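Right, one structure below, let's go through it.
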Amino acid sequence: MIVQRRGLLKAAGALGAVLVAGLLKPIAALAATWNKEAFASKSAADALNRLGTPGAEANSGIVIEAPQIAENGAVVPIEVTSRIPGTTSIAVLVDKNPYPLVARFDFMEGALPFVKLNAKMGETSDVRVVATAGGKHYVATKEIKVTIGGCGG
Amino acid sequence: MAGPMKMRATLAGGYTDVRVLMTHPMATEQQTKGQPHFIQNLTVKVNGKTVVEGQISQAVARNPVFSFRLSGGAKGDKIEVSWLDNKGDTNKTETAVA
């Protein structure tokens with residue numbers, strides 16, 4: 001009976017999910033937190049929702065230093081400073097990358113809200129930086145033009 | 001897989017500048033046909049206290065270089081940076097502020 005087969009498949013699927021969850025556990029325990037859902041998001045808005053930072057308002061206190069034109073998308077230097085007092089975290093996103101979220105940093109114990117990193121960019125895109133300060137979220141963007149993409153290698 | 005790391009920590013005007021290089025392929029899903037290999041977590045500690053926690057994706061360039069700034073700081077402070085990738089590899093390096 002087809003109905004029974006459905007049931008069996010469902011049961012098998014559920015069992016598989018449990019097994020996988022069990023296998024992944026040791027790694028998860030070893031890891032600090034890594035926001036899998038946010039990093040798997042295919043749009044910047046989704047990623048920000050999943051980071052818990054939706055509806056950020058534009059703020060000129062976030063300074064993005066990056067070249068206007070990046071010749072090589074495989075290595076695009078991006079420097080971010082937040083001048084917003086009490087900034088505790090900074091997220092960097094490249095809107096048009098397959099997975100826009102590049103990195104997220106939490107700052108504590110006297111670390112300044114500053115980070116410089118090299119990102120890969122598949123194509124010309126806005127770079128979006130979201131800073132969190134005092135439970136509020138702020139955003140700034142800057143367009144970087146890419147002449148050679150960096151995601152395919 | 002865990003290649004060498006390099007780090008330099010220097011006192012600048014009012015803050016400590018930490019620059020760290022990690023040796024890692026940072027291979028994306030596209031480059032590897034669905035078997036990405038990249039660093040996911042990195043931690044910066046000063047004298048044993050965590051000051052920066054980072055989560056990063058495959059969109060960080062190969063052999064990642066990061067700079068961080070720590071307010072204040074003194075010569076001899078011990079800075080430790082460690083990372084963990086999606087396959088469970090890990091590495092760390094330590095240096096004193098110069």
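Which one of B:GLY14, B:GLY54, B:GLY88, B:GLY76 is in contact with a strand residue (DSSP E or B) (Cβ under 8 Å, 6 or more places away or on another chain), within 9 Å of another protein chain (Cβ to nearest Cβ) and either on the phi < 0 side of the Ramachandran plot or not basic (Lys, Arg) (or both)? Outline the logic, then answer.
Details: B:GLY14 fails: within 9 Å of another protein chain (Cβ to nearest Cβ); B:GLY88 fails: in contact with a strand residue (DSSP E or B) (Cβ under 8 Å, 6 or more places away or on another chain); B:GLY76 fails: within 9 Å of another protein chain (Cβ to nearest Cβ).
Sole residue among the options that is in contact with a strand residue (DSSP E or B) (Cβ under 8 Å, 6 or more places away or on another chain), within 9 Å of another protein chain (Cβ to nearest Cβ) and either on the phi < 0 side of the Ramachandran plot or not basic (Lys, Arg) (or both): B:GLY54.
Among the residues of the stretch A:82-112, write down those that are hydrophobic (A, V, I, L, M, F, W, C) and over 17 Å from the mean Cα position of the chain (by Cα).
Answer for the stretch A:82-112, where residues must be hydrophobic (A, V, I, L, M, F, W, C) and over 17 Å from the mean Cα position of the chain (by Cα): A:ILE84, A:MET108, A:ALA111, A:LEU112.
Of all residues being touching a Leu at 6+ places or on another chain (Cβ under 9 Å) and closer than 18 Å to B:THR23 by Cβ in the stretch B:60-73, which is farthest from the other protein chains (Cβ to nearest Cβ)? Just the residue, please.
By that ranking, first place goes to B:ASN63.
Have a look at A:ALA119, A:ALA133 and point out the one that is at the interface with chain B (Cβ under 9 Å from one of its Cβ atoms), buried (at least 16 other Cβ atoms within 10 Å of the Cβ) and touching a residue at least 24 places away in the same chain (Cβ under 8 Å).
None of the others qualify; the one that does is A:ALA119.
Within the group A:SER60, A:SER89, which residue is surrounded by fewer than 19 Cβ atoms within 10 Å (Cβ to Cβ), under 23 Å from B:SER71 (Cα atoms) and either more than 14 Å from chain B (Cβ to nearest Cβ) or touching a residue at least 40 places away in the same chain (Cβ under 8 Å) (or both)?
The match here is A:SER60.
Given the options A:PRO85, A:PRO77, A:PRO113, A:PRO98, name the one that is farther than 30 Å from B:GLU80 by Cα and assigned by TED's automatic domain parsing to the domain that holds A:ALA44.
Only one candidate passes the filter, namely A:PRO98.
Looking only at the stretch A:32-48, which residues are within 12 Å of A:ALA91 (Cα to Cα) and more than 7 Å from chain B (Cβ to nearest Cβ)?
A:ALA38, A:ALA44, A:ALA47, A:LEU48
The values are calculated or read from the model by the stated rules, or taken from the named source; none is laboratory data. Keep in mind it's a predicted model, so treat the numbers as computed, not measured. Please note: Cβ atoms are built from the backbone with ideal geometry, for glycine as well, and neighbour counts cover all protein chains shown.
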